[in-house]
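The values are calculated or read from the model by the stated rules, or taken from the named source; none is laboratory data. Source: prediction; values computed, not measured. Reconstructed Cβ throughout: ideal geometry from the backbone, glycine too, with neighbour counts over all protein chains shown.
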Ligand SMILES: [Zn+2]
């Protein structure tokens, strides 16, 4: 998930190492990015679109955990997925200084001639996809980016199971405390973050568990539903990515509500943060509508759903909230125009979105997105209850 949301194998580039094989036609189904752009999109935290607000710094408590406590939670989650899905071996690696060792361990687990399963592809591109997938994995580990990748293991693998799900996540980098988890998610610098009301802080333990569920789901999605489909549409890869991100968030939210028995403060705060992601990360990870839909479900229904059925519930919600390709493009073009009106540098979102800015946007939709963003941004500095539908500007801008 990207910052917490990286089951998104769009972040690939040709591998020049020992897997060295590079096919220029890969962009038939994978969008390539310049390495710098990949890092910009996935790692760097833009100083957020800081708007003028008269706000007072808060000095509320920020709960934190020791590394061993976080590791224990990760271990329990991985054990849960290994127990529940015997066809997949789930493994967590945290990268950091020893990312080389982590990568070597994964290569050993993969054996010879493994397959990358996150993208549907013709057989003659198998090796190429494997190369770029390994390169992407290296970047994730080296740069401490959260991600998930599913492989079918090859011959001579040390694993007994036929598939391997690798989750990269360095807990010390992004969930060591409520403050840190929130700051990372909202892409805020410390000066602004200190003014965010503690009521808006993400509970870092909940956030760690939500993130692990989101990432594990990317592997389950590839395993049960196949990887991201091939497409030749201009923004088809982006559309497929958005669908994958939305369903992973729907699953993680449903899992969270089921575990906790109701809609927690964390559930509301992560939905709120995702609404702000329209401009702070990539429009493709703004899954607010989907999270809102899960939150609006009757808690009792979610609590009574068997855990394995959460996958179909999440898929149902995603299919309801994410429209068809044309509706998606209209929404995203409006988002890019709104970002420009808010003074954002849209180059940050990548070449394809920059190009999409030339398309005509629906003015009412642009206005709606700007109002929603400004409303939720302003709410960061208060402990007011936050409605899931932002009021019109004339109702709250007084
Ligand atoms: Zn994701």
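Quick one: in the range 122-139, which of the residues that are within 16 Å of the ligand (Cβ to nearest atom) and touching a helix residue (DSSP H, G or I) at 6+ places or on another chain (Cβ under 8 Å) is farthest from residue 112 (Cα to Cα)? Show your work before the answer.
From the range 122-139, those within 16 Å of the ligand (Cβ to nearest atom) are 133, 136-137, 139; that's our starting set.
With touching a helix residue (DSSP H, G or I) at 6+ places or on another chain (Cβ under 8 Å) added as a condition, the list becomes 137, 139.
On the way: 137: 17, 139: 21 Å.
Only one residue tops the list, namely 139.
In the condition set (1) touching a helix residue (DSSP H, G or I) at 6+ places or on another chain (Cβ under 9 Å); (2) in a helix (DSSP H, G or I), residue 323 is compliant with all but (2).
Among the residues making up the range 163-180, a single one is closer than 13 Å to residue 90 by Cβ and assigned to a loop (DSSP other than H, G, I, E, B): 169.
Got at least one residue in the range 237-250 being within 12 Å of the ligand (Cβ to nearest atom), out of contact with any strand residue (DSSP E or B) (no Cβ under 8 Å at 6 or more places or on another chain), assigned to a helix (DSSP H, G or I) and within 21 Å of residue 91 (Cβ to Cβ)? Yes, that holds for at least one residue.
Looking for something surrounded by fewer than 18 Cβ atoms within 10 Å (Cβ to Cβ), outside the structural domain of residue 292 (by TED's automatic domain parsing) and more than 21 Å from residue 323 (Cα to Cα) - is there at least one such residue anywhere in the range 224-241? Looking for residues that are surrounded by fewer than 18 Cβ atoms within 10 Å (Cβ to Cβ), outside the structural domain of residue 292 (by TED's automatic domain parsing) and more than 21 Å from residue 323 (Cα to Cα), one finds at least one in the range 224-241, hence yes. Kindly indicate whether residue 224 is within 21 Å of residue 79 (Cβ to Cβ), away from the ligand (no atom under 11 Å from the Cβ), in a helix (DSSP H, G or I) and touching a residue at least 40 places away in the same chain (Cβ under 8 Å). For residue 224, the condition - within 21 Å of residue 79 (Cβ to Cβ), away from the ligand (no atom under 11 Å from the Cβ), in a helix (DSSP H, G or I) and touching a residue at least 40 places away in the same chain (Cβ under 8 Å) - is met.
State yes or no: is residue 188 modelled with pLDDT of 95 or more and either assigned to a loop (DSSP other than H, G, I, E, B) or surrounded by fewer than 20 Cβ atoms within 10 Å (Cβ to Cβ) (or both)? So that I can check it myself, show each step before the final result.
On the way: modelled with pLDDT of 95 or more: no; either assigned to a loop (DSSP other than H, G, I, E, B) or surrounded by fewer than 20 Cβ atoms within 10 Å (Cβ to Cβ) (or both): yes.
When the stated conditions are applied, residue 188 does not pass them.
Report yes if residue 214 is in contact with a strand residue (DSSP E or B) (Cβ under 9 Å, 6 or more places away or on another chain), modelled with pLDDT of 95 or more and within 16 Å of the ligand (Cβ to nearest atom), otherwise no.
Values: in contact with a strand residue (DSSP E or B) (Cβ under 9 Å, 6 or more places away or on another chain): yes; modelled with pLDDT of 95 or more: yes; within 16 Å of the ligand (Cβ to nearest atom): yes.
Yes, satisfied.
When residue 153 is tested against (1) without any contact (Cβ under 8 Å) to a residue 40 or more places away in the chain; (2) closer than 25 Å to residue 308 by Cα, just one condition goes unmet, and that condition is (1).
Would you be able to say whether some residue in the range 147-159 is in a helix (DSSP H, G or I), closer than 19 Å to residue 216 by Cα and under 15 Å from the mean Cα position of the chain (by Cα)?
Step one: of the range 147-159, the residues in a helix (DSSP H, G or I) are none.
Scanning the range 147-159, I find no residue that is in a helix (DSSP H, G or I), closer than 19 Å to residue 216 by Cα and under 15 Å from the mean Cα position of the chain (by Cα), so the answer is no.
Being surrounded by fewer than 20 Cβ atoms within 10 Å (Cβ to Cβ), in contact with a helix residue (DSSP H, G or I) (Cβ under 7 Å, 6 or more places away or on another chain) and at negative phi is a description that does not apply to residue 255.
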